[in-house]
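Written out below as structure tokens is the structure these notes cover.
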Amino acid sequence: MAFDPCALRPLFPILSQPAYDHPLTYLDNAATTQKPIAVLEAIQHYYSTANANVHRGSHYLSDRATNHFEQARTSLANFINAPEHSHIIWTKGTTEAINMVAYGLEHLLEKDDEILITSLEHHANLVPWQQLAFRTGARLRVIPLTSEGDWQLEYAHYFTDRTRIFAATQVSNAIGVHPPLQEMLALAKQYNAYTLVDGAQAIAHYPIDVEALDCDFYAFSGHKMYGPTGIGVLYGKSQALEVLIPYQTGGEMVHHVAYQATEFNVLPYRLEAGTPHIEGVIGLAAACEFLQSQDRAELLKWEQHLASYTYQRLFKVGGIDIYSPEKGTTLVSLTVPNIHTMDLNSYLDSKGVAVRAGSHCAHPLMAQLGIAGTLRASFACYNTLEDAERFCDALIEAIEILADD
Ligand code: PLP
């Protein structure tokens, strides 16, 4: 492989520290990624040179802050190939973006309308729709996995004349599966449903083109793509964003206010009440720049290589149930019969290996798989083959020790 992750590691200072006298092996990237120096410096530079509230002021610093802030919106639009900067709405993250849409579309839903999701969804792309269904009398329908255990979805019959909203993840955070998104989105369009894609697990790995996807909404979080926490994006087509009832009201999102009525601002401000997370926005734009400065196809190939290397090594060991696909994904999700994933996690942690054990905010998916949770190792561009090996070695050791208990 030509790509060398060691060249990237100095850009991520957190990775050079030990964890309990072991090299830190950070494989919890699906939960959150580490941040490159460029992101940390962009935030510090903003506070050192431009800090002021945006849009409201009429002074030097406020203009500077507003320029950086709005340039960041344009960077994000370019990053996902959104046609206009006004299609980018700043949110706290994927969860808030999806809640914003679920709240904003409520006025269009009637009893017995259908909201369709897949069985791969994170709770963030499930609970808001479930609650919306409860409030409106709509039905939440879930596209199941096939009974063959091959992680395929039996989706065709689930789209009906009553489907008003279709929301699906691009990549499963729990088991790394990619649903047939393009086909499902095309079907949803045939039924004139609003479509939302949860891009939380895709955004760091895959170049995203919202025009090509042709979804109405696309949601993602900055912290999963080397950016800061507390900032994310809701992309929407103009006509889709226009129909959303603002989820929050207050300052910034208004054009004119009188006691009798309020005239809302234009997009994107109409959906951004209050002082925004300015340094988060600046940091997120720096994260985009970091990713755009890399050969993203090479990064992806490397991350997939690490995942399939890990898969193959563990598969050869035997006695491990692997739930993620062998190829094409950037994580490995597994269980070991008769050993609790939390015990495996604790052992790995004691060796400096950071992974995640549990249901990964996907209780219904775990229930369908008949398990309580999995152990998930998820890779990012700065992970090395040694990281994958340390994970495999520590896991194999843990199994030997814990199996005897
Ligand atoms: N959707 C998916 C697929 C996720 O993996 C996550 C987080 O793990 C979320 C949504 C929620 O993201 P956030 O907590 O950043 O809002």
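The values are calculated or read from the model by the stated rules, or taken from the named source; none is laboratory data. Computed from a predicted model, the values in this text were never measured in an experiment. Note: ideal-geometry Cβ built from the backbone for every residue, glycine included; neighbour counts use all protein chains shown. Note: areas computed on protein heavy atoms with side chains; ligands, DNA, RNA excluded. Shrake-Rupley method; radii C 1.70, N 1.55, O 1.52, S 1.80 Å.
Some observations on this one:
- Shown in residue order for region 321-328 are the 3J(HN,Hα) couplings computed by the Karplus curve 6.51 cos²θ - 1.76 cosθ + 1.60 at θ = phi - 60°: 8, 9, 9, 8, x, 5, 10, x Hz (x for Gly and Pro).
- Placing a pseudo-label 7 Å from each Cα along the Cα-to-Cβ vector at THR229 and LYS111 gives an inter-label distance of 4.4 nm.
- Amide hydrogen neighbours beyond the local backbone of GLY230, cut-off 5 Å, H modeled: HIS223
- For the chain, hydrophobic long helices are taken as DSSP H runs at least 27 Å long by C-alpha position along their axis with mean Kyte-Doolittle hydropathy of 0.0 or more; these are 385-404.
- Under 26 Å from LYS224, Cα to Cα: lysines that are on another chain or at least 8 residues apart: LYS35, LYS92, LYS237, LYS301, LYS327, LYS351
- Across region 55-157, the relative contact order, built from alpha-carbon pairs under 8 Å that are at least six residues apart, equals 18 percent.
- Under the combined filter of DSSP loop state and at most 16 neighbouring Cβ atoms within 10 Å, region 20-96 retains these chymotrypsin sites (Phe, Trp or Tyr not before Pro): TYR20.
- Contact order normalised by residue count of the chain, Cα under 8 Å, 6+ apart, percent: 22
- In order along region 265-275, the phi-based Karplus estimate (6.51 cos²θ - 1.76 cosθ + 1.60, θ = phi - 60°) of 3J(HN,Hα) comes to 6, 7, 5, x, 5, 3, 9, 10, 6, x, 5 Hz; Gly and Pro are listed as x.
- For the chain, Kirkwood radius (reciprocal of mean inverse C-alpha pair distance, Å): 22.3
- Region 233-308-region 1-75 distance, computed between alpha-carbon centres (Å): 17
- Ellipticity estimate at 222 nm from DSSP helix runs (n ≥ 4, -39,500 (n - 2.57)) divided over the chain, nearest 500: -11500 deg cm²/dmol
- Scanning residues 5 or more positions from PHE166 or on other chains, those with amide H under 5 Å from its amide H are LEU116, TYR194, THR195, LEU196, with H placed 1.01 Å from N in the peptide plane.
- Counting heavy atoms of the protein chains alone, ASP349 has an accessible area of about 60 Å² for a 1.4 Å probe.
- Region 354-405 and region 89-147 have Cα centres spaced 29 Å apart.
- 3J(HN,Hα) from dihedral phi, region 153-167, Karplus parametrisation 6.51/-1.76/1.60, rounded to Hz, x for glycine, proline: 10, 8, 9, 3, 7, 8, 8, 9, 4, 8, 5, 9, 9, 10, 10
- ALA138 long-range amide H proximity, modeled H, under 5 Å: ASP112
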